[in-house]
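Where a number appears in this text, it was derived from the coordinates with a stated rule and is not lab data. These numbers were taken from a predicted model, which means no experiment stands behind them. When we count neighbours, we look across all protein chains shown, and the Cβ atoms used for this are built from the backbone with ideal geometry, even at glycine.
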Amino acid sequence: MERAPLSNNAVIAAAADLADREGFDAVSVSALARQFGVQPASLYSHVRDRAAVLAGVHELALAELADVVAEQTAGRAGRDALAGLADAHAGYAREHPGRWGALQRPASPQTAGSEGAVRLVALIFAVLRAYALPDDELVHATRFVGAAINGFLALDRAESFAHRATGSDESWRRTVDALDRSLRTWPGSEGEPA
């Protein structure tokens, strides 16, 4: 069997897949070397170190999530776009748990300035601008929406809602409705979304 050619992109993609299978903390240069059937030293001509691999997975996840958010929010505004944004995050977290784990880590300045991060922020701001929020409130509203979405998904993934007979799907819809109401009445906003 022919060995896949090594490159930075191939190593990062393999690391992201490994994170999804075994968890973000399982990603290491030695684990990736075993996966490629090479010695760890062979990877160091393609990636600097483990930190660079983890940052690469983080940047890949940001770019992928931006693609999903763009798809889920295209042509939508107000609550519909907000639901698309929330559902994009939920679907990505479910399909890519290791990559999602990368998104829960602090981003380096380089990662925060990556193309995927910049696109994702622009998409989130576009959804929130439909609520007539002043520009100086967009960061606060983004943090609020992100905290609600990420908090819900973390609790759901940890099965913190499993002790109730009622499934979490209805709670998810109500969370999106509550976010919508909060954004409609955000301090300093000009009123109803478009």
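On the stretch given as the stretch 87-107, residues that are surrounded by 15 or more Cβ atoms within 10 Å (Cβ to Cβ) and under 17 Å from L54 (Cβ atoms) total 9.
Taking helices (runs of 4 or more DSSP H) that fall entirely within the stretch 95-194, which contain at least 1 residues that are over 17 Å from A83 (Cα atoms) and out of contact with any Phe, Trp or Tyr (no Cβ under 9 Å at 6 or more places or on another chain)?
Working: elements: 97-103, 109-112, 115-129, 138-157, 168-184.
Qualifying helices (runs of 4 or more DSSP H): 109-112, 115-129, 138-157.
If we scan the stretch 121-131, do we find a residue that is touching a residue at least 24 places away in the same chain (Cβ under 8 Å), surrounded by 21 or more Cβ atoms within 10 Å (Cβ to Cβ), closer than 19 Å to N9 by Cβ and not hydrophobic (A, V, I, L, M, F, W, C)? Taking every residue of the stretch 121-131 in turn, none turns out to be touching a residue at least 24 places away in the same chain (Cβ under 8 Å), surrounded by 21 or more Cβ atoms within 10 Å (Cβ to Cβ), closer than 19 Å to N9 by Cβ and not hydrophobic (A, V, I, L, M, F, W, C). For beta carbons closer than 7 Å, sequence separation of 6+ or different chains, a first residue in the stretch 101-115 that is farther than 16 Å from R143 by Cβ and a second that is of a type outside the set (A, V, I, L, M, F, W, C) and part of a loop (DSSP other than H, G, I, E, B), the qualifying pairs are G101/G23. Filtering the stretch 75-86 to residues that are part of a helix (DSSP H, G or I) and either among the hydroxyl-bearing types (S, T, Y) or in contact (Cβ under 8 Å) with a residue 60 or more places away in the chain (or both) leaves G78, R79, L82, A83, L85, A86. Of the listed requirements (1) touching a residue at least 24 places away in the same chain (Cβ under 8 Å); (2) under 11 Å from V11 (Cα atoms), A61 misses just one: (2).
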